[in-house]
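Presented below is the structure to which this report refers.
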Amino acid sequence: MPSFNLSRAVRVTRITRTHKVAVAVLAAAGATSGLAMASAPDTAQAASEHAPAAVKPVNAKGMPAKTDEAKTARPVTASVADHVKVTAVAEQHTAHQAANRSAERKAVKEYPNNLDGWIRESLDIMKAKGIPGSYDGLHRNIMRESSGNPNAVNDWDINAINGIPSKGLLQVIQPTFDRYHVSGTPHNLVDPVANITAAANYAADRYGSIDNVNSAY
């Protein structure tokens, strides 16, 4: 082949053009790498910003747990939930106790402290014990025997002479009261309710009912 000798200027020109191309390629590669490196931190930062925050363990007092306590500590939400449950149970128990006390107060019947109240209380006790008698039968005999005075004492009849005077609303002597005393009432001869119920119990045994008594008995 024929031999050609390129002048130095031509060689320099070609080298210079080739070098420029190489430099351009390298610059482009460097820019791409730089963009990749610049975008990587942004991506990592974005992921970090959107990641859910870790729940830090706490101890029983709600304070951040130490390293040794972290294994057994519970999240704050669990502790609050337990407290809410305990509070609810306590409130329910208190309401239940209040309802029971209210029911107990209603169950205890109250009577006025007078002749009407004494007769009505005696009738309720007599009914529970199976002792016959009516309000009218009790009231009628009480008014004849004592005029409604629970402290009335007969100090002139045969019983008084024998040392065991008749006492109370239905004028009962001590031996009769002791024998016919109704359980649940005071063991006191002149107690109004105890006197009435004992007399009604005696009259039921001897006459069938206090309603059948129309005179001294």
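What is the gain in length, in nm to one decimal, between R101 and N214 on full extension, counting 0.36 nm per residue of separation less the C-alpha to C-alpha distance? Mind dumping the intermediate values first?
Numbers: separation 113, 0.36 × 113 = 40.68 nm, distance 4.47 nm.
Extending this stretch completely gives an extra 36.2 nm.
Residue by residue, segment 157-163 carries 3J(HN,Hα) couplings of 7, 4, 5, 5, 4, 7, x Hz when phi is fed to the Karplus relation 6.51 cos²θ - 1.76 cosθ + 1.60 (θ = phi - 60°); x denotes Gly or Pro. Computed from backbone phi, the HN-Hα couplings of segment 184-201 come to x, 10, x, 8, 9, 4, 8, 5, x, 6, 5, 5, 5, 5, 5, 5, 5, 5 Hz, rounded to whole numbers (Karplus: 6.51 cos²θ - 1.76 cosθ + 1.60, θ = phi - 60°; Gly and Pro given as x). Computed from the alpha carbon positions, the gyration tensor of segment 98-161 leads to an equivalent ellipsoid with semi-axes of 32, 14, 11 Å, biggest first. For V172, nonlocal amide neighbours, meaning residues 5 or more places apart or on other chains whose placed amide H falls under 5 Å from its own, are K167.
Give me the dipole magnitude in Debye, nearest 20, for segment 89-217 about the Cα centre, with unit charges on the beta carbon: positive for Lys and Arg, negative for Asp and Glu. List each step's numbers first, then the result.
Numbers: 12 positive and 14 negative charges, 43 e Å.
That gives segment 89-217 a dipole magnitude of about 200 debye.
Projecting the Cα atoms of W118, Q174, I142 onto the charge dipole of segment 100-175, computed from C-beta unit charges around the Cα centre, puts W118 farthest toward the positive end.
Magnitude of the Cβ-charge dipole of segment 132-204, K/R +1 and D/E -1, about the Cα centre, nearest 20 debye? Before the final figure, lay out each step's value.
Details: 4 positive and 6 negative charges, 19 e Å.
Dipole magnitude for segment 132-204 comes out near 80 debye.
The value of relative contact order for segment 140-217, using C-alpha pairs under 8 Å at least six residues apart, is 24 percent.
With the simple model of a label 7 Å out from the Cα in the direction of the Cβ, V153 to Y135 spans 3.3 nm. For the pair R144 and Y207, the difference between a 0.36 nm per residue extended length and the Cα-Cα distance amounts to 20.9 nm. On the basis of the beta-carbon distance and an R0 of 41 Å, A128 and T87 show a calculated FRET efficiency of 0.40.
Each value in this text was obtained by applying a stated rule to the coordinates, not by laboratory testing. These numbers were taken from a predicted model, which means no experiment stands behind them. With ideal geometry, Cβ positions are generated from the backbone for all residues, glycine too; neighbour counts draw on all protein chains shown.
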